[in-house]
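*Asks:* The structure is given below, and queries will be raised subsequently.
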Amino acid sequence: MNIFKKLLICFLLISLLVIATASTWLYSKVDSALPILDGKKTVFGLKKSAIIERDKQGIATIKAQNRNDIAVALGFVHAQERFFQMDLLRRNAAGELASLFGPLALDYDKSIRRHRFRDRARVIVAQLPQKQLELIKAYTRGVNQGLKYLNSSPFEYLLLQQEPVQWSEEDSVLTIFSMYIDLQYHDGQRERTLGLMKAVFSGDVYAFLDPKGSIWDAAIDDSHTPQAPMPIDAWPSASSFNTNDNDNSYKKATALTSNDENRYQGDHLPGSNSWAISGALSATGSAIIANDMHLGIRVPNTWFRASFEYPYTTIENSTVVKEQIKVTGATLPGTPNMVIGSNGNIAWGFTNSYGDYSDVILLTTNADNTQYLTPSGFKDFILHKQVIAIKDQKAQEITVTDTIWGPVIGKNHQGKLLAFRWVAHDKEAVNGTAIELEQAKTVEQAFDIAARSGIPSQNMLVADKSGAIGWTIMGPIPAKKGDIGETPQSWSSGENSWQGYLTPAQYPQIKNPENQRLWTANSRVVGGDMYKKLGNGGYALGARSKQIRDNLLLQEKFDEQSLLQIGLDDEAIFLQRWQTFMLETVLTKQVLAQKDSFMQVKNLLVNSKELRASIDSVSYRLVRNFRINLRDNVFFELKNSLINIDKAFSFNSIRHQIEVPLWQLINEQPKNFMMLGENSWQDVFTKALELTIADMSLNQPLNAATWGQQNSSAIKHPLSSALPLLNYWLDMPSKALAGDSYMPRVQANAFGASERMVVSPGYEESGIFHMPTSQSGHPWSPYYGMGHSDWEQGVASPFLPGKTHYKLTLLSY
């Protein structure tokens, strides 16, 4: 027995020693991956020394004697703070995630490889102007030097048992391509969906379901487009659908009552809000701009805050002018420029424009689908071999089929091959012209830069120190010929085509509108000829734009704080009519008599003084979730019938426009809608209400089911779901958040304002900037998570970096 005890004690001691040794080793590896904050380091590629100062939040101020040295230092900082994030962005665009994550990412990689973005990135780098090429090379040198100076690889690679791959110039182009994937349809999903609807439905039904306008229109040129009337004949015709689904009622009941956590996630889409007022409405005479860009939010955040200071020489009227540039804002790790910000003369921000920057093409092929018809006759398909590396498995080889217009993306419901024409496939898609915004002084100069820039096309609002404001599109706009719209068309005759890109002189622009205010929020911005140039790539409904516009028109004088309050507005104006509908149409005397819970709902709605997406509101959650359940019920039969015809159909891609016909249907309650799925419209309303109550009162009383309970943050590191023991260190704490989809304060569990900026050029010291998570990607950083609470609470934290807490000097060889 004594021998056994001694052996057991010996085993335990050895085990503890092994655990302690392993823990010490792990700790040292993770600790060694922290960025260098102080001291001096010699860096290859610098012409002169550069200084990196950080405040207590890690916000970097980079000082150098030329712009290329700024790029070296920025690359150094990005790599030390965010290299894993940068790696994910380039791999996301290149279709190379499976080499990190294994078979889990293989299907995604296959879907992205059809675009051959790495090949295209190499072509773009090769044709960049010399000055832009030198800048991206300088940035690349800085990235690789920053990675080299880490004493250990970023901790994510330790967890994945991988080694980081050095950065290359093409990887910065891939980073921009990754934003194309996030901000535009990369698979023709919306156009294929509308094409199916147009093929299946009669013209009046299609027009009704694809409205061009609504009461929510809030274009900055005050243009309006009427919505389509209700179809007169019975619709949709049952003969339109070829479906053998004999158990649709069971499928419907199962789908509508399932506790799918994504069912109530809302109608969020990558987008943004931006608004500006001219100097005539400010106390200083300088214009003021506000911008919050809506993206998926995870740890670390998309953006990295920074300020650049460097001398710049220009020639004005044959005179050499030397000036000091100071530009502050947000950068995108993986790229060398300031994405949004202010340089003292102009300030600028973006919202996703949702113009029509891609087209799906119906191919006419020969009998065995080996050739396709073009204006110059039949041509062979172009085949490209792609090899996909897979972690812990043998690499897979796939073949990508291409045409003169773009890759083949599948077949339509009639079996016809489809090709995809997309701005992102052309050399105009990416360039470094946007960096010129750092030196621009006027709205006009910013307009010129915007029209020559290669980024995913955005609504750009710009404000300058003289008080001027303007809107334009920043990024390439294709010049289209023929009958090219929202649905797939044949290009084989030559009647339909792209004729290059708009010149700067052809770009839509609005400067200094009469009301001294501008706003954009992903909905249609302009009408008439300007709209024809942009097309419709899936605009948002317009509720956010309208609410922002109306808030701007309520005041005659503004400062930074008052513009921030517009962005934090969580009043549910969009749902007010839905609240009235529930009280007046749904909760009738007959319905109220059926269940006590119905009367409880009525009392909650009646006693709600103001409908807001506040964290303590039960009534907001009731109205919001009822609308979603009613929408899903009304269109369930229709959606599934279309999916049975073509699996590429995506209800999600048309969810914003569906609000318009949905509202008409439930108010007019037509008898000619043949896919209602219930005995009466009242039955549809009641079932949607029952489902809403059942979900909200699960394991709790209904009056405890607040909006904040449902809308609690889930902002996580990409690896935390696979390593739940690390959640506490990696993820942001969960917190109830105000805001939702159809209001200025856009907020979901892991989606919302990736930053909030309010700034007046020349008065940056009064500016406001906050963003979720923090500057750092390392959980042991002294500023990990710092600033996140300001974003949660909407605190007006400073735009400019604070007092220097850390100083690192980079020396040239």
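The values are calculated or read from the model by the stated rules, or taken from the named source; none is laboratory data. None of these values were measured; they are calculated from a predicted model. Glycine gets a Cβ as well: all are built from the backbone with ideal geometry, and neighbour counts include every protein chain shown. Heads up: the accessible areas ignore ligands, DNA and RNA and are worked out on the full protein's heavy atoms, side chains in. Shrake-Rupley method; radii C 1.70, N 1.55, O 1.52, S 1.80 Å.
*Asks:* Under the rule a/c < 1.5 gives rounded, and otherwise a/b versus b/c splits prolate from oblate, where does region 527-579 land using the Cα gyration tensor?
*Replies:* Because a/c hits 1.5 or more and a/b fails to exceed b/c, region 527-579 counts as oblate.
*Asks:* Counting pairs of alpha carbon atoms under 8 Å apart in space and at least six apart in sequence, what relative contact order in percent does the chain give?
*Replies:* 20
*Asks:* What's the magnitude of the charge dipole for region 640-692 around its Cα centre, counting Lys and Arg as +1 and Asp and Glu as -1 at the beta-carbon? Answer in Debye, nearest 20.
*Replies:* I would put it at about 140 debye.
*Asks:* Given DSSP loops and a limit of at most 10 other Cβ atoms within 10 Å, what is the longest stretch of the chain that contains no such GluC sites (Glu not before Pro)?
*Replies:* It works out to 1-260.
*Asks:* What ³J(HN,Hα) values, in whole Hz, does the Karplus curve 6.51 cos²θ - 1.76 cosθ + 1.60 give for region 804-813 when θ = phi - 60°, with x put for Gly and Pro?
*Replies:* Computed from phi, the couplings for region 804-813 are 5, 10, 9, 9, 10, 9, 9, 9, 7, 5 Hz.
*Asks:* Of 613, 663, 594, which is farthest along the charge dipole of region 585-681 in the positive direction, counting Lys and Arg as +1 and Asp and Glu as -1 at C-beta?
*Replies:* Selected residue: 613.
*Asks:* Here's another thing I want to ask about it. By the scheme Lys and Arg +1, Asp and Glu -1, what is the net charge of all other residues having a beta-carbon under 11 Å from that of residue 413?
*Replies:* +3
*Asks:* For 630, 583, 691, give the ranking by accessible area with the largest first, probe 1.4 Å.
*Replies:* Correct descending sequence by accessible area is 583, 691, 630.
*Asks:* Now for a separate question. What is region 22-115 by shape, rounded, prolate or oblate, if you read a ≥ b ≥ c off the alpha carbon gyration tensor as root eigenvalues and call it rounded for a/c under 1.5, prolate for a/b larger than b/c, and oblate otherwise?
*Replies:* Oblate is the answer for region 22-115, as a/c is 1.5 or above yet b/c matches or exceeds a/b.
*Asks:* Using θ = phi - 60° and the Karplus relation 6.51 cos²θ - 1.76 cosθ + 1.60, list the HN-Hα couplings for region 651-656 in order, rounded to whole Hz, with x at every Gly or Pro.
*Replies:* Using θ = phi - 60°, the values come out as 4, 4, 6, 10, 5, 6 Hz.
*Asks:* From the mean inverse distance of alpha carbon pairs (Kirkwood) and the Cα radius of gyration, derive Rg over Rh for region 499-645.
*Replies:* Radius of gyration over Kirkwood radius for region 499-645 works out to 1.09.
*Asks:* Using only the heavy atoms of the protein chains and a 1.4 Å probe, how would 628, 36 rank by accessible area, largest first?
*Replies:* From most accessible down to least: 36, 628.
*Asks:* Check cross-link reach from residue 671 to the aspartates and glutamates: straight Cα distance under 18 Å, and skip same-chain residues fewer than eight apart.
*Replies:* Straight-line reach from residue 671, under 18 Å: 204, 233, 637, 683.
*Asks:* Rounded to the nearest 20 Debye, what is the dipole magnitude of the chain about its Cα centre when Lys and Arg each give +1 and Asp and Glu each give -1 at the C-beta?
*Replies:* 1660
*Asks:* Given a 1.4 Å probe and the protein chains all in place, what does the accessible area of residue 354 round to, in Å² to the nearest 10?
*Replies:* Ignoring ligands and nucleic acids, residue 354 comes out at about 20 Å².
*Asks:* Follow-up. Please give the charge dipole size of region 109-213, origin at the Cα centre, charges +1 on K and R Cβ atoms and -1 on D and E Cβ atoms. Round to the nearest 20 debye.
*Replies:* Roughly 280 debye, rounded to the nearest 20.
*Asks:* Add +1 for every Lys or Arg and -1 for every Asp or Glu among the other residues with Cβ under 15 Å from the Cβ of residue 494, and state the total.
*Replies:* With Lys, Arg at +1 and Asp, Glu at -1, the net is +1.
*Asks:* Another one. Write down the radius of gyration of region 680-749 and its Dmax, each obtained from C-alpha positions, in Å.
*Replies:* Cα-based Rg and Dmax for region 680-749 come out at 16.7, 53 Å.
*Asks:* What helices in the chain pass both tests, a Cα length along the helix axis of 27 Å or more and a mean Kyte hydropathy of 1.0 or higher, using whole DSSP H runs?
*Replies:* 2-32
*Asks:* I need the phi-derived Karplus couplings for region 302-318: 6.51 cos²θ - 1.76 cosθ + 1.60, θ = phi - 60°, integer Hz, Gly and Pro marked x.
*Replies:* 4, 9, 10, 6, 7, 9, 10, 10, 7, x, 9, 10, 10, 10, 10, 6, 6
*Asks:* Evaluate the Debye formula for region 424-571 with equal point scatterers sitting on the alpha carbons, no solvent, and hand back log10 of I(q)/I(0) at q = 0.17 Å⁻¹, in q order, two decimals.
*Replies:* -1.10
*Asks:* Among 564, 506, 161, whose Cα projects farthest towards the positive end of the dipole of the chain, with charges put on the beta-carbon of Lys, Arg (+1) and Asp, Glu (-1)?
*Replies:* The listed residue farthest towards the positive side: 161.
*Asks:* Need one value: the accessible area of residue 216 in square angstrom, 1.4 angstrom probe, rounded to the nearest 10.
*Replies:* Answer for residue 216: close to 20 Å² accessible.
*Asks:* Ignoring ligands, DNA and RNA, how do 589, 385 rank by accessible area with a 1.4 Å probe, largest first?
*Replies:* Ranked list, largest accessible area first: 589, 385.
*Asks:* Just checking my list (i) 2, 9, 10, 12, 16, 18, 15, 10, 5, 2, 0, 0; (ii) 2, 12, 21, 25, 21, 12, 5, 2, 0, 0; (iii) 2, 9, 14, 17, 18, 14, 10, 8, 5, 3, 1, 0 against P(r) over Cα pairs in 10 Å bins from 0, in percent computed from this structure; which label fits?
*Replies:* So the calculated entry is the one marked (ii).
*Asks:* Something else about it: Net charge near residue 723: determine it from the other residues with C-beta under 14 Å of the C-beta of residue 723, scoring Lys and Arg +1 and Asp and Glu -1.
*Replies:* -1
*Asks:* Taking only protein heavy atoms and a 1.4 Å probe, what accessible area per residue, in Å², does the chain have with all protein chains in place?
*Replies:* 40
*Asks:* Scan around residue 339 for amide H atoms under 5 Å from its own, H built in the peptide plane at 1.01 Å from N, and keep only partners 5 or more places away or cross-chain.
*Replies:* Under 5 Å from the amide H of residue 339 lie the amide H atoms of 330, 331, 332, each far enough along the sequence or on another chain.
*Asks:* Given Cα pairs under 8 Å that are at least 6 residues apart, what percent is the relative contact order of region 313-355?
*Replies:* Answer for region 313-355 is 24 percent.
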